[in-house]
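Visitor: Sharing a structure here in structure tokens format.
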Amino acid sequence: MQTTEFDSIMAISPADWDALNPTRYPGLLHGFLASLECSGSVGEGTGWQPQYVVVHDAQGLAGAMVLYLKTHSYGEYVFDWAWADAYARHGLNYYPKAVTAVPFTPATGPRLLCRPDLSPAMISAAIVNHLQTTRWPDLSSWHILFPDEDSSDALRAHAPLERHGVQFHWHNAGFQSFDEHLACFTSKRRKEVRRERRRVSEQGIVLTRYRGDELTDARLDVLYQCYQMTYALRGQRGYLTREFFAQLRTRAPDAFVFALAYRGDTPIAMSFCLQDAKTLYGRYWGALEAVDCLHFEACFHQWIDYAIETGRGTFDPGAQGEHKIARGFSPVRTRSLHWIAEPRFRDAIAAFLARERHHIAAYLADCSEHTPFRALSTDDPLEVD
């Protein structure tokens, strides 16, 4: 096997790369990565310098992994600022570090791509052996963010420190309609959701969902303005450029859907999701004016509707948000894996993570006690609202 490293996804054949991603996980599609790179959302001057590590054998591309060389910790959603501060207080450099992740995307998925006839452990060993000689001597650490179970199993031996977090995901129990989804709620919670949806329509707001190939220039202008508004309210600027969305609609239109909220003919808000065949990933939202309950409708209820209509089993709406529980989302554990070069910091971080995992487990259990779902039995008819 031969391992090669590229600093541009454009040097790799789209067909060969995507053949390693048969589920078409959107964050690792060639078109998604190319859109990030060609739009300037990652690369020179962003603190996200991409490196694409690929493994070849006699049959061609055997496996791959995306690596970013980072000079900061923005846009990762697994927060290690305290680790960087501890390094600085001891006169050591935490940056540059290496991150294996989908930029600005706290969504669990594959982090190691592997041809189906090969062992992920073998591919991971080949990649890490290459990185140990070419990259690790100059880096403080390596962080694998939001890996799925298969990637975790293959990479844990190389990044043995495990960190847990909690997100809130919606799971499709074979629902045929939104009302059937609500039928699992207690009467109180069901009425609250219906009130939220009714409140939006009472204010004259109508939402329309669109496919990726329906992102016209006019819709893109609104979408991007709304995207930036969310960050502007916090005195920041969004990580993604307008050109990213323009590139994505050409390079990977099937990888996303979006919705616009209209007052009359005027769009005033948007929500944007990535998708593959099984999972919907809520990513961005923004509004040009404040409308009561619009966030819940645009970000949650609309996309649960869509997931039911399209038969998707999971809706992952993104990071944080205990308010999602009352709207039908259940707590799930997320993970990240870490390799720390400096032994003293490695031991201290390992001890911290052990304590943190204990608290995360308790928080997960507590959240599980507050879901809106009613207890059902065979002789428990649905009460009338």
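A short reminder: the numbers here are calculations on the coordinates, not readings from a lab. Predicted, not measured: the structure shown is a model, and the values here were computed from it. Positions of Cβ are generated from backbone atoms using ideal geometry, with glycine treated the same way; all protein chains shown enter the neighbour counts.
Visitor: Shape call for the chain from the C-alpha gyration tensor, a ≥ b ≥ c root eigenvalues: rounded (a/c under 1.5), prolate (a/b greater than b/c) or oblate?
Guide: Prolate, because a/c is 1.5 or more and a/b exceeds b/c.
Visitor: If you average the sequence gap of Cα pairs under 8 Å that are 6 or more apart and divide by the length of region 2-159, what percent do you get for the contact order?
Guide: The value is 23 percent.
Visitor: Let me ask you something else. Using DSSP to call loops (not H, G, I, E or B), can you name the GluC sites (Glu not before Pro) in region 1-95 whose Cβ has at most 11 other Cβ atoms within 10 angstrom?
Guide: GLU44
Visitor: Okay, next question. Whole angstrom only: what separates the Cα centroid of region 55-99 from the Cα centroid of region 242-314?
Guide: After rounding, the separation between the Cα centres reads 30 Å.
Visitor: Could you give the longest part of the chain that holds none of the trypsin sites (Lys or Arg not before Pro) found in DSSP loops with at most 10 neighbouring Cβ atoms within 10 Å?
Guide: 1-233
Visitor: Still on this model: What is the sum of charges around LEU337, taking Lys and Arg as +1, Asp and Glu as -1, for the other residues whose C-beta is under 11 Å from the C-beta of LEU337? Mind showing how you got there, number by number?
Guide: Working: positive: ARG111, ARG156, ARG163, ARG335; negative: ASP153, GLU162.
Local net charge: +2.
Visitor: For the pairs LYS97/LYS324; LYS188/LYS324; LYS191/LYS324, flag any whose C-alpha to C-alpha distance is greater than 23 Å.
Guide: Correct reply: LYS97/LYS324.
Visitor: Something else: Determine the shape class of region 2-159: with a ≥ b ≥ c the square roots of the Cα gyration tensor eigenvalues, call it rounded for a/c under 1.5, and otherwise prolate if a/b is greater than b/c, oblate otherwise.
Guide: Taking the square roots of the gyration eigenvalues as a ≥ b ≥ c, region 2-159 is prolate.
Visitor: OK, next. Just to confirm the filter: which GluC sites (Glu not before Pro) across region 219-306 are DSSP coil and have at most 12 other Cβ within 10 angstrom of their Cβ?
Guide: GLU289
Visitor: Apply the Karplus parameterisation 6.51 cos²θ - 1.76 cosθ + 1.60, with θ equal to phi minus 60°, to every residue of region 217-233 and state each ³J(HN,Hα) to the nearest whole Hz, in sequence, with x for glycine and proline.
Guide: 4, 5, 5, 5, 4, 5, 4, 6, 4, 5, 4, 5, 4, 4, 6, 4, 5
Visitor: Here's another thing I want to ask about it. Go through region 275-289 residue by residue and turn each phi into a ³J(HN,Hα) via Karplus (6.51, -1.76, 1.60, θ = phi - 60°); whole Hz please, and just put x for glycine and proline.
Guide: Result, ordered by residue: 7, 10, 5, 10, 9, 10, 10, x, 10, 10, 8, x, 9, 8, 8 Hz.
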